[in-house]
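To start, the structure under review is shown below, and the notes come after it.
The values are calculated or read from the model by the stated rules, or taken from the named source; none is laboratory data. Here the structure is a predicted model, which is why all the values come from computation and not from measurement. Don't worry about glycine lacking a Cβ; one is built from the backbone with ideal geometry, like all the others, and counts go over all protein chains shown. Heads up: the accessible areas ignore ligands, DNA and RNA and are worked out on the full protein's heavy atoms, side chains in. Shrake-Rupley method; radii C 1.70, N 1.55, O 1.52, S 1.80 Å.
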Amino acid sequence: MPETTPSQTPAPPRLAPTTEADWDDETTALLDSLGRLNIFTTLAHHPKLLKRWMVFGAHILAKSTLPAREREIVILRTGWRCGCAYEFGQHTLIAATVGISEEEISRLATESRDGWPEGDEALVAAADELADDRRLTDETWARLERDL
């Protein structure tokens, strides 16, 4: 992950991921099929939640109408703005598979919005506004509505 500002220094997790000793057979099989990433092994504290989260996650990553490149721009910018090194790192790998260059990934980890095409800049602005103010301006909403 690119350098973080002091306010974005990652904090240790409050809830550590589970380990194989914590899982029943169904949870083990699910985690084997997903990969044993920290997000999944942490959700395995509550196996029913993990199963339902996977339905939601699969929809967001594979079945939503938002194109993958646009989705990953928003996830990366949000991950960086929230100081979430884990999320930023995981989605850096995904972003590379959907046409986001290393240079663009690096730019998402800066305060600047310069150099983005109009549609991409609107996505970056939306992530910034939501991180800063928990709402979108009317201007950003109109740009997203027009483009999406």
Can you work out ³J(HN,Hα) from phi for every residue in region 79-88, in order, using Karplus 6.51 cos²θ - 1.76 cosθ + 1.60 and θ = phi - 60°, giving whole Hz and x for Gly and Pro?
x, 5, 4, 8, x, 9, 4, 4, 4, 4
For region 14-67, with +1 on Lys and Arg beta carbons and -1 on Asp and Glu, the positive-most of Ala16, Ser64, Met54 along the dipole:
Ser64
Given the convex hull over the Cα atoms of the chain, what projected area results after averaging over all orientations, in nm²?
9.8
How much solvent-accessible surface does Val55 expose, in Å² to the nearest 10, with a 1.4 Å probe and all protein chains in place?
110
Quick one: what are the phi-derived ³J(HN,Hα) couplings along region 26-32, Karplus 6.51/-1.76/1.60 with θ = phi - 60°, whole Hz, x for glycine and proline?
5, 5, 4, 4, 5, 5, 5
Put His91, His46 in order of accessible area, largest first, 1.4 Å probe: what do you get?
His46, His91
If one computes the Cα centroid of region 25-58 and of region 76-148, what distance in Å separates the two points?
27
If you count only protein heavy atoms and use a 1.4 Å probe, how large is the accessible surface of Glu139, to the nearest 10 Å²?
120
Taking a probe of 1.4 Å and leaving out DNA, RNA and ligands, region 84-148 shows per residue an accessible area in Å² of 58
Quick calc, Leu148 & Ala11: beta-carbon distance into FRET formula, R0 30 Å, rounding 0.05, result 0.35
Pop out the ³J(HN,Hα) list for region 48-60 in order, Karplus 6.51 cos²θ - 1.76 cosθ + 1.60 with θ = phi - 60°, rounded to Hz; leave Gly and Pro as x.
5, 5, 4, 4, 6, 4, 5, 5, 5, x, 5, 5, 4
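Between Leu37 and Glu111, what length comes free when the chain is fully extended (0.36 nm per residue of separation minus the Cα-Cα distance, one decimal in nm)?
Result for the pair: 23.8 nm of gain on full extension.
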By average C-beta atoms within 10 angstrom, highest first, the peptides 104-111, 65-72:
104-111, 65-72
Label-point separation, Lys48 to Leu93 (7 Å along Cα→Cβ), nm:
3.1
Can you sort Trp23, Trp53, Trp80 by solvent-accessible area, 1.4 Å probe, largest first?
Trp53, Trp23, Trp80
